[in-house]
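The structure under discussion is supplied below as structure tokens; questions concerning it will follow.
The values are calculated or read from the model by the stated rules, or taken from the named source; none is laboratory data. Predicted model only: the values in this text are computed from it and were never measured. Note: ideal-geometry Cβ built from the backbone for every residue, glycine included; neighbour counts use all protein chains shown. Remember, those area values only see protein heavy atoms, side chains included, never the ligands or the DNA or RNA. Shrake-Rupley method; radii C 1.70, N 1.55, O 1.52, S 1.80 Å.
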Amino acid sequence: MGSEMEPLLLAWSYFRRRKFQLCADLCTQMLEKSPYDQAAWILKARALTEMVYVDEIDVDQEGIAEMMLDENAIAQVPRPGTSLKLPGTNQTGGPSPAIRPITQAGRPITGFLRPSTQSGRPGTMEQAIRTPRTAYTARPVTSTTGRFVRLGSALFEYIFHHENDVKTALDLAALSTEYSQYKDWWWKVQIGKCYYRLGMYREAEKQFKSALKQQEMVDTFLYLAKVYVSLDQPVTALNLFKQGLDKFPGEVTLLCGIARIYEEMNNISSAAEYYKEVLKQDNTHVEAIACIGSNHFYSDQPEIALRFYRRLLQMGVYNCQLFNNLGLCCFYAQQYDMTLTSFERALALAENEEEAADVWYNLGHVAVGIGDTNLAHQCFRLALVNNNNHAEAYNNLAVLEMRKGHVEQARALLQTASSLAPHMYEPHFNFATVSDKIGDLQRSYVAAQKSEAAFPDHVDTQHLIKQLKQHFAML
């Protein structure tokens, strides 16, 4: 026997070791010799797919098209607690914006950056329409990823993921379903995926439901829940996840799905309960650990949050965000020796300017905490050098300027902050306060009303509005 390895075996070995380019090249050589070798075709299609494969369940990038032209919401004025579009509804006992800051979209900041919440959104309509997805899945091999037996399914995945040609993929899936006399659940799921990608959510819902009737699979529950989230029906999605848990008790992805929806609805206490359930099943689940840690931090328990973040460090998570959070927890837990070293490590690991800006912003907080206003000023300035759209840094710089008595600079900074993040109440409230001090009552009142709209329970805002109303009554 020669030392040469059978080419197909070698190609398969490359594939198993995730050396997809080598695998595809070897398959190409084999196909030049025998063009009808089905095994080589399947393996090549799979290798090319895996290079750009992304788990459709996890990734859901909202492009400009979806954000601007969303006609799928059922109710224009949904009831409180039934919609994801109403930011910061506090009926569910979530934290107030005074304790837990909110994102520029008006959601409470969670412990974990998910694909659908990323800031890297397509800039133009054109990009939004044709953005191929490129990211690796972190989920284990599931029923869908494990089912590449026939050339048909490998071909579908190639067209769908590699070519990003949803229309052709849909045609192939429709023909295959017909060929299997509508008895194959897998092809129904694929048709549903195509409909979902094309924005035809109701058609996707029918396909997924039909697939679930034939064969209950975790993935199908997750896809169907995605459809309901896109239709802004979180309550329906929650019920569906709970049905899934009846069939698959303790399934981590379903528990995690419930927790995410509760978190988006600002029902943080319920979200934390489900993340704890996730950790009972899988105690190395990074998202659950990060979210529970973040929840403890904002519940004024930095020491407990520190334990969760240290656990992530022990597990080998080593990135800027983690050291940033560790630095903040150490500072608030009064472990000052570790605070600056954590932030230094975070700055060294920052991969882009936005991450660096967040670290400088937090360092500014530490400087304010120790009373060094000059250092704080420099840190907030550095945050803005790295990210010119950092609303919180503008707001805090304005507060420092107010303390120095530089009223006009403060007002200019606050106007910038409130235009960048209209959902944040702080810039509106600070602008109202400064305007009130210099006697610009009308603008103070307008800003105070914006602050009240962003955070209705803010006592100081209510107090200021009451004072201003008394002023107006006297005029």
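Whether any residue in the range 413-428 is surrounded by fewer than 20 Cβ atoms within 10 Å (Cβ to Cβ) and at positive phi is what I want to check.
No, there is no match, as no residue in the range 413-428 is surrounded by fewer than 20 Cβ atoms within 10 Å (Cβ to Cβ) and at positive phi.
OK, next. Sort out which residues of the range 220-248 are open to solvent by 40 Å² or more (accessible area, probe 1.4 Å) and basic (Lys, Arg), and write them in order of number.
First, the residues of the range 220-248 that are open to solvent by 40 Å² or more (accessible area, probe 1.4 Å): 229, 233, 235-236, 239, 242-243, 246-248.
Hits for the range 220-248 are Lys242, Lys247.
Could you list, in sequence order, all residues of the range 154-179 that are surrounded by fewer than 14 Cβ atoms within 10 Å (Cβ to Cβ) and closer than 18 Å to Ser210 by Cβ?
Within the range 154-179, Leu175, Glu178, Tyr179 qualify.
Output yes when any residue across the range 281-304 is open to solvent by less than 60 Å² (accessible area, probe 1.4 Å), over 20 Å from Cys329 (Cβ atoms) and assigned to a helix (DSSP H, G or I), and no when none is.
No: zero hits.
Name the helices (runs of 4 or more DSSP H) wholly within the range 16-89 that hold at least 3 residues that are at pLDDT 65 or above and open to solvent by 50 Å² or more (accessible area, probe 1.4 Å)? Even if it seems obvious, please write down each step before you answer.
Values: elements: 20-33, 38-52, 64-68.
Hits in the range 16-89: 20-33, 38-52.
Scanning for something within 26 Å of the chain's Cα centre (by Cα), without any contact (Cβ under 8 Å) to a residue 12 or more places away in the chain and open to solvent by 20 Å² or more (accessible area, probe 1.4 Å), does the range 390-408 turn up at least one residue? Walk me through how you get there before you give the answer.
Filtering the range 390-408 down to residues within 26 Å of the chain's Cα centre (by Cα) leaves 390-396.
If we keep only those that are without any contact (Cβ under 8 Å) to a residue 12 or more places away in the chain too, we end up with none.
Checking the range 390-408: not a single residue is within 26 Å of the chain's Cα centre (by Cα), without any contact (Cβ under 8 Å) to a residue 12 or more places away in the chain and open to solvent by 20 Å² or more (accessible area, probe 1.4 Å).
In the range 193-206, what residues are free of Cβ contacts under 8 Å to residues at least 12 places away in the same chain and on the phi > 0 side of the Ramachandran plot?
none
Can you give me the number of residues within the range 174-192 that are among the basic types (Lys, Arg) and either without any contact (Cβ under 8 Å) to a residue 12 or more places away in the chain or part of a helix (DSSP H, G or I) (or both)? Talk me through it step by step, then tell me what you get.
First, pick out the residues of the range 174-192 that are among the basic types (Lys, Arg): 183, 188.
If we keep only those that are either without any contact (Cβ under 8 Å) to a residue 12 or more places away in the chain or part of a helix (DSSP H, G or I) (or both) too, we end up with 188.
So the count comes out to 1.
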